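Structure first, commentary second.
The values are calculated or read from the model by the stated rules, or taken from the named source; none is laboratory data. What you see is a predicted model, and the numbers here were worked out from it, not measured in a lab. Backbone-built Cβ (ideal geometry, glycine too); neighbour counts: all protein chains shown. The area values use the complete protein model at the heavy-atom level, side chains included, leaving out ligands, DNA and RNA. Shrake-Rupley method; radii C 1.70, N 1.55, O 1.52, S 1.80 Å.
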Amino acid sequence: MDSYDRENIILNKEYKHPDHPKCYCDSDAGVTSVLMTAYDRANIGRRYYACGNIFEGLNCDFHQWYDHCEIVSPYIVEVVRTLNEAYNIAECDIMISSDDNMKLKQRLKLLEESMHKLSKQFDKLSESYRRSECENLELSNEIATQR
């Protein structure tokens with residue numbers, strides 16, 4: 001399945017209706033087809049029936065035009081083109097956001113590691129400071145007793 005097919009499937013999760021034609025998947029009864037919208041340049045905005053198993057990853061390549069004509073209103077073509085462009089922009093934004101999110105997670109991990117190291121250093125310095133304070137107090141006491 002090429003990228004066009006994946007985009008078309010994602011954009012077209014349409015419903016099955018009992019009145020839709022049957023596709024070729026089951027030789028006895030057939031599978032109810034789904035109504036989709038074409039996004040290729042030649043047929044943009046045209047509606048068609050596709051294999052009823054297309055969303056399950058199975059596809060018998062059933063195709064039947066819904067509108068039975070090749071001419072689609074220029075207004076519909078423009079609306080579909082605009083929606084498709086908006087979808088592509090949103091998809092890019094999501095990918096960028098996902099990349100930014102990954103970079104932020106990596107940065108957060110580095111900051112947490114640095115914070116952990118600094119915390120250990122702080123604990124060592126605190127312990128060293130506490131010992132030196134104790135030693136200074138002992139020395140002060142010794143000096144005081146020697147006088």
Item to check | the range 104-126, subset open to solvent by less than 100 Å² (accessible area, probe 1.4 Å) and hydrophobic (A, V, I, L, M, F, W, C), residue nearest to Y39 (Cα to Cα) | outcome: L108
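Here is a yes/no grid of residues against (1) over 18 Å from the mean Cα position of the chain (by Cα); (2) modelled with pLDDT of 80 or more:
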{"site": "S3", "(1), (2)": "no, no"}
{"site": "Y15", "(1), (2)": "yes, no"}
{"site": "D19", "(1), (2)": "yes, no"}
{"site": "C23", "(1), (2)": "yes, yes"}
{"site": "A38", "(1), (2)": "yes, yes"}
{"site": "A50", "(1), (2)": "yes, yes"}
{"site": "V72", "(1), (2)": "yes, no"}
{"site": "L104", "(1), (2)": "no, yes"}
Next on the checklist: Looking for something surrounded by 12 or more Cβ atoms within 10 Å (Cβ to Cβ) and farther than 15 Å from T37 by Cβ - is there at least one such residue anywhere in the range 64-76?
Outcome noted: no
Next on the checklist: Quick check on my filter: what residues within the range 42-68 are among the aromatic types (F, W, Y) and more than 18 Å from V80 (Cα to Cα)?
Outcome noted: F55, F62
Checklist entry - Taking the range 31-63 on its own, how many of its residues are surrounded by fewer than 12 Cβ atoms within 10 Å (Cβ to Cβ) and not aliphatic (A, V, I, L, M)? => result 5
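Is it fair to say N101 is of a type outside the set (F, W, Y), crowded, with 16+ Cβ neighbours inside 10 Å and part of a helix (DSSP H, G or I)?
no
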Next on the checklist: If T145 satisfies all but one of (1) assigned to a helix (DSSP H, G or I); (2) over 25 Å from the mean Cα position of the chain (by Cα); (3) surrounded by 10 or more Cβ atoms within 10 Å (Cβ to Cβ), what's the number of the condition it fails?
Outcome noted: (3)
